[in-house]
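> One structure, as structure tokens, below. Some questions next.
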Amino acid sequence: MNNPVRLDLENGIAVVTIDNPPVNALSHAVRAGLLRMIDTAEAGGAQAIVLIGAGRDFIAGADISEFGSPPKEPYLPDLCRRIEKSSCPVIAVLHGATLGGGLEVALSAHYRVATQTARIGLPEVLLGIIPGAGGTQRLPRLTGAEAALDLITTGRHVTAKTALELGIVDHLANAPPKEAGLAFAENIKGQGQRPTSDLPQPDAADFDAWYSRMEQVHRGQSAPKTAVRAIEAASSLPFEEGLLRERDLFLTLMDSPQRAGLIHAFFAERAVSKLPELKETNPRDIHTIGILGGGTMGAGIAAACLLKSLPVTLVDRTRAAADAARERIAQSIQGAVKRGKLEDAAPVMDQLVTTAEDLDLADADLIIEAVFEDMETKHEVFARLDAICKPGAILATNTSYLDINVIAARTSRPEDVIGLHFFSPAHIMKLLEIVVADKTAPDVIATGFSFAKRLGKTAVRAGVCDGFIGNRILSRYRMAMDNLVLDGASPYQIDNALTEFGMAMGPFAVADLAGLDIAWAARKRKAASRTPYERIPTFADRLCEMGRFGRKTGQGFYLYSEKAPQGIPDPEVEAIIAEERAKADIIPRDFRDDEIVLRFMLAIVNEAAYILDDGIARRPLDIDVTLVYGYGFPRWRGGPMHWADQAGLGRLLDSLHTLQDEDPHFWAIAPLLSRLAQSDQSFADLNKGMSR
Ligand code: 3HC
Ligand code: NAI
């Protein structure tokens with residue numbers, strides 16, 4: 001686009017419009033255009049300047065696709081200062097997304113009018129940075145330090161009404177942006193400029209307490225705590241010095257790997273649904289949902305659908321089981337009311353039918369099966385669904401591991417069968433793996449993605465294999481960690497090292513949460529097909545034999561009590577592990593935390609490379625999003641494939657060779673990883689050209 005900023009004179013008032021779709025981000029051309037139009041308006045003797053965005057949004061912030069390249073003048077802070085020092089009164093009209101640098105432009109204007117559509121915030125910390133164009137200095141002068149600390153450290157958006165209450169905007173308008181701006185300009189005629197930087201410094205807050213809180217809440221992350229120091233500068237330094245301090249802190253964060261990781265995550269989560277087959281196909285209409293099986297997952301999926309106004313018919317084997325499911329769903333819906341997501345549970349629950357009669361599923365547009373994880377049961381259920389469901393209905397399975405091609409083959413319509421793999425709790429977790437079987441029709445895949453969007457979930461396309469993308473990787477890193485325990489590390493050291501690395505929970509704490517009996521059952525099921533090289537975590541079998549199934553029994557790897565609901569280490573577990581090592585003639589060794597983290601990451605990255613080679617995931621970014629959204633991988637590290645690129649594939653390959661000497665079968669190196677490392681390529685290179 002040649003000129004993304006234009007100026008129209010309306011009765012002596014310069015209306016400057018930023019027109020840079022899709023969200024009017026402050027690209028270099030926009031910054032230069034804005035500067036030029038301010039000059040032009042002043043030179044033409046405009047009585048006032050009204051800033052608006054074309055389309056839905058005012059300005060969604062800096063153009064983050066420019067991050068990582070050398071910045072080009074005019075820089076945003078200079079543009080903001082120029083606006084503030086304009087000889088014409090400047091009025092910003094906040095509408096739609098008014099975020100980050102967009103809000104900083106508005107804070108530099110002399111007056112702010114907001115329309116009802118405005119979503120206002122400084123979300124920079126979510127990208128690993130802080131506001132870098134005066135936001136940390138101007139916002140606290142308008143709102144006070146406490147409110148600014150809250151807004152900037154959370155990055156949350158507020159409505160126009162809240163912004164008015166906080167003192168961010170001067171006036172709420174019930175008109176389109178241009179009319180709102182022109183009417184306001186009439187009202188303030190003759191009142192001149194009112195620079196935010198002239199306002200008194202905000203009173204000090206307890207900045208040290210805020211800083212420590214940020215260190216605790218955002219473990220490992222730099223941006224939130226750095227934001228506290230920048231806001232502190234607003235109350236302790238004169239404006240110009242505060243700006244310099246903010247700039248320093250901002251530039252340090254811009255150079256950080258956390259910024260790179262979070263920007264990668266931002267684009268990756270938007271790219272996952274950009275698939276060629278989705279462009280060419282229309283999804284099927286989905287008005288009613290059927291769910292088969294009302295246990296943990298069925299009830300959670302029902303709640304997820306109901307919360308998005310989709311009517312649900314849920315079938316379980318008996319009336320009592322169906323009633324129990326209804327109760328569980330009601331609790332989840334009540335939880336949403338408590339969390340302020342919903343006003344009234346009753347109309348939502350009215351959209352739910354629970355029954356033991358599977359014929360009630362006959363008219364559903366999409367049926368999601370969530371019965372026991374057992375192939376025989378799935379076979380029976382799918383043969384029955386095939387018999388009773390209307391033509392064109394989509395038959396989805398929530399299986400965690402089973403072969404969906406085999407399940408589909410039990411029906412006369414394998415093209416209508418797909419995997420919709422939700423995560424527990426299904427009404428909360430954002431990830432949905434869309435598992436595409438060999439014969440799944442393109443419009444069924446498209447419906448999976450549009451259904452995910454309707455539920456507010458992030459959907460990733462996966463192919464059929466044991467565990468798809470996420471659980472296949474999970475099985476591998478669990479095995480690597482079990483092997484580490486056999487060789488000498490304690491589960492507690494491992495969990496600690498990995499939470500320090502940034503994982504939401506360690507793998508042994510997760511195992512306790514999921515129930516140790518589940519993995520035990522899987523080990524028994526797979527015992528016959530086990531290769532002679534596979535090592536068995538006999539210590540975990542021992543815990544299960546003792547009835548220690550994890551949280552639900554009060555004991556697993558950890559001991560749980562009312563006093564310690566999160567669990568505490570148990571010396572008895574360490575004794576059992578020591579016995580099992582002795583039985584297997586293993587002489588335990590010490591592992592450093594960084595060695596643990598490296599093995600954990602190598603297990604993930606190596607398996608992920610096999611998954612890519614097998615075509616189970618299309619792009620590395622699909623794996624990044626799966627691990628971040630479904631498995632508690634730290635978003636600020638961008639995902640495991642991004643992490644691998646940062647670590648250097650050559651270096652990782654060297655480490656894998658060393659581990660291969662130790663255990664050639666477990667650490668067999670994925671050919672793709674070797675190819676990339678040897679040709680000096682990265683996973684990011686594989687993402688290129690596959691995300692549009
Ligand atoms: N820069 C560049 N592109 C952006 C962008 C930005 N700031 N914000 C959004 N986009 C792009 C998206 O990548 C997407 O592109 P695509 O269609 O090619 O995938 C398109 O705009 C639409 O975005 P969404 O799909 O996210 O659309 P939604 O309507 O769901 O959400 C939004 C719109 C609320 C604006 C959301 O995109 C968003 O939160 N954007 C980021 C806002 C932000 O973080 N701003 C701060 C930037 S940092 C900054 O300003 C630094 C300053 O202090 C110096
Ligand atoms: P669950 O044991 O809690 O619930 C299963 C429900 O299915 C029970 O209510 C049972 O009565 C019902 N059921 C069994 N056979 C039935 C039939 N023929 N007709 C109607 N209802 C029947 O199991 P859970 O945990 O909800 O798992 C269900 C499925 O979801 C499994 O395939 C599992 O692998 C998968 N899954 C589980 C996750 C979890 O974290 N629990 C996560 C993701 C997927």
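The values are calculated or read from the model by the stated rules, or taken from the named source; none is laboratory data. Remember, predicted model here, so these are calculated numbers, not experimental data. Quick reminder, even Gly has a Cβ in these numbers, built from the backbone with ideal geometry, and neighbours come from all protein chains shown. SASA here: full protein model, heavy atoms, side chains in, ligands and nucleic acids out. Shrake-Rupley method; radii C 1.70, N 1.55, O 1.52, S 1.80 Å.
> Tell me what the chain gives for mean residue ellipticity at 222 nm when only DSSP H runs of n ≥ 4 count, each as -39,500 (n - 2.57), the sum divided by the residue total, rounded to 500 deg cm²/dmol.
On the way: 30 runs with 335 residues, N = 692.
Calculated mean residue ellipticity at 222 nm is -14500 deg cm²/dmol.
> Also, quick follow-up: What does the charge count around ILE404 come to, taking other residues whose C-beta lies under 14 Å from its C-beta (Lys +1, Arg +1, Asp -1, Glu -1)?
On the way: positive: LYS378, ARG410, ARG413, LYS439, ARG461, ARG472; negative: GLU369, GLU373, ASP403, GLU415, ASP416, GLU433, ASP438, ASP466.
With Lys, Arg at +1 and Asp, Glu at -1, the net is -2.
> Moving on. What does the extension gain come out to for LYS308 and ASP590, with contour length at 0.36 nm per residue minus their alpha carbon separation? Intermediate results must be reported in sequence, preceding the final value.
Numbers: separation 282, 0.36 × 282 = 101.52 nm, distance 5.05 nm.
Working it through step by step, the gained length comes to 96.5 nm.
> Quick one: which residues, 5 or more positions from ARG284 or on another chain, have an amide H under 5 Å from its amide H? H modelled 1.01 Å from N in the peptide plane, none for Pro or chain starts.
For ARG284, whose amide H was placed from the backbone, the distant partners under 5 Å are THR447.
> Report, to the nearest whole %, how much of the accessible area of the chain belongs to carbon and sulfur atoms, 1.4 Å probe, protein only.
Numbers: 15240 of 29050 Å².
Carbon-and-sulfur percentage of accessible area, whole number: 52.
> For segment 214-316, max minus min Cα coordinate along each principal axis, in Å, sorted largest first?
Dimensions of segment 214-316 along the principal axes of its Cα atoms: 65, 35, 23 Å.
> Starting with the highest mean, order 259-272, 367-380, 629-642, 515-528 by the number of other Cβ atoms within 10 Å, averaged over the residues of each peptide.
The most tightly packed comes first, giving 629-642, 259-272, 367-380, 515-528.
> Note down the accessible area of ASP590, probe 1.4 Å, to the nearest 10 Å².
Counting only protein heavy atoms, ASP590 exposes about 150 Å² to solvent.
> Now for a different question. With a cap of 16 neighbouring Cβ atoms within 10 Å, and only residues DSSP puts in a loop, list the GluC sites (Glu not before Pro) found in segment 124-199.
On the way: sites: GLU124, GLU146, GLU165, GLU179, GLU186; in loops: none.
Hits after loop and neighbour filter: nothing returned.
> Can you give me the accessible area per residue for segment 462-577, using a 1.4 Å probe, in Å²? Could you put the intermediate results ahead of the total?
Details: 5050 Å² over 116 residues.
On a per-residue basis, segment 462-577 sits at 44 Å².
> Still on this structure, please answer the following. At a temperature of 4 °C and a viscosity of 1.567 mPa s, determine how fast segment 517-591 diffuses translationally according to Stokes-Einstein, using the Kirkwood radius over alpha-carbon pairs as Rh; express D in µm²/s, rounded to the nearest whole number.
In µm²/s, the coefficient is 94.
> What fraction of the DSSP beta bridges in the chain is antiparallel, stated in percent and rounded to the nearest 5? Present the calculation step by step, with values, prior to reporting the outcome.
On the way: 16 of 62 bridges.
Given both bridge residues lie in the chain, the antiparallel proportion sits at roughly 25 percent.
> Quick one: compute the contact order of segment 267-412, relative version, from alpha carbon pairs under 8 angstrom and 6+ residues apart, as a percent. Please report the intermediate quantities before stating the final value.
Working: 214 pairs, mean separation 36.7, N = 146.
About 25 percent, as a whole number.
> Quick check for me: using +1 on Lys/Arg Cβ and -1 on Asp/Glu Cβ, what's the dipole size of segment 114-220 about its Cα centre, in debye to the nearest 20?
In debye, rounded to 20, segment 114-220 gives about 340.
> List the relative contact order of the chain as a percent without decimals, with contacts defined as Cα pairs under 8 Å and 6+ residues apart. The partial results should precede the final answer.
Details: 1302 pairs, mean separation 64.2, N = 692.
Relative contact order comes out at 9 percent.
> Per residue Cα convex hull volume for segment 145-229, in cubic angstrom?
Taking the convex hull of the Cα positions in segment 145-229, it is 124 Å³ per residue.
> Let me ask something else. Please compute the Kirkwood hydrodynamic radius of the chain from all pairs of different C-alpha atoms, in Å with one decimal.
On the way: mean 1/r = 0.0358 Å⁻¹.
Computed over Cα pairs of the chain, the Kirkwood hydrodynamic radius comes out at 27.9 Å.
> Let me know the Kirkwood hydrodynamic radius for segment 361-426, please, with Cα pairs as the basis and the value in Å to one decimal.
Values: mean 1/r = 0.0851 Å⁻¹.
Every distinct Cα pair counted, the radius reaches 11.8 Å.
> Still on this structure, I have one more. Helices from the chain with mean Kyte-Doolittle at least -1.0 and a Cα length along the axis of 24 Å or more, per DSSP H: which? The partial results should precede the final answer.
Values: long enough: 319-338 (28 Å, -0.34); 470-487 (26 Å, -0.24); 593-613 (30 Å, 0.79).
Qualifying helices: 319-338, 470-487, 593-613.
> Would you please name the trypsin sites (Lys or Arg not before Pro) within segment 23-74 that are DSSP coil residues with at most 16 other C-beta atoms within 10 Å of their C-beta?
Details: sites: ARG31, ARG36, ARG56, LYS72; in loops: ARG56, LYS72.
In loop regions of segment 23-74 (DSSP not H, G, I, E or B), the sparsely surrounded trypsin sites (Lys or Arg not before Pro) are ARG56, LYS72.
> Right, here's the next one. So how do 423-431, 617-625 stack up, highest first, on mean other-Cβ count within 10 Å? Don't jump to the answer; show the numbers that get you there.
Details: 423-431: 18.7, 617-625: 27.7.
The packing order, highest mean first, is 617-625, 423-431.
> Work out the length of the dipole vector of the chain about its Cα centre, built from +1 on the beta-carbon of each Lys and Arg and -1 on the beta-carbon of each Asp and Glu, and round it to the nearest 20 debye.
I would put it at about 900 debye.
> Mind checking which of MET481, ALA578, LEU94 is farthest towards the positive end of the chain's charge dipole, using Cβ charges of +1 (Lys, Arg) and -1 (Asp, Glu) about the Cα centre?
The listed residue farthest towards the positive side: LEU94.
> By a straight-distance test (C-alpha under 28 Å), which lysines pair with LYS390 as possible cross-link partners, with residues fewer than eight away in the same chain excluded?
LYS390 reaches LYS279, LYS308, LYS378, LYS439, LYS453, LYS457.
> Here's another thing I want to ask about it. Which peptide among 6-18, 296-308 comes first, and what is the full order, when sorted by highest mean count of other Cβ atoms within 10 Å?
Working: 6-18: 17.2, 296-308: 24.0.
Going from most to least packed, we get 296-308, 6-18.
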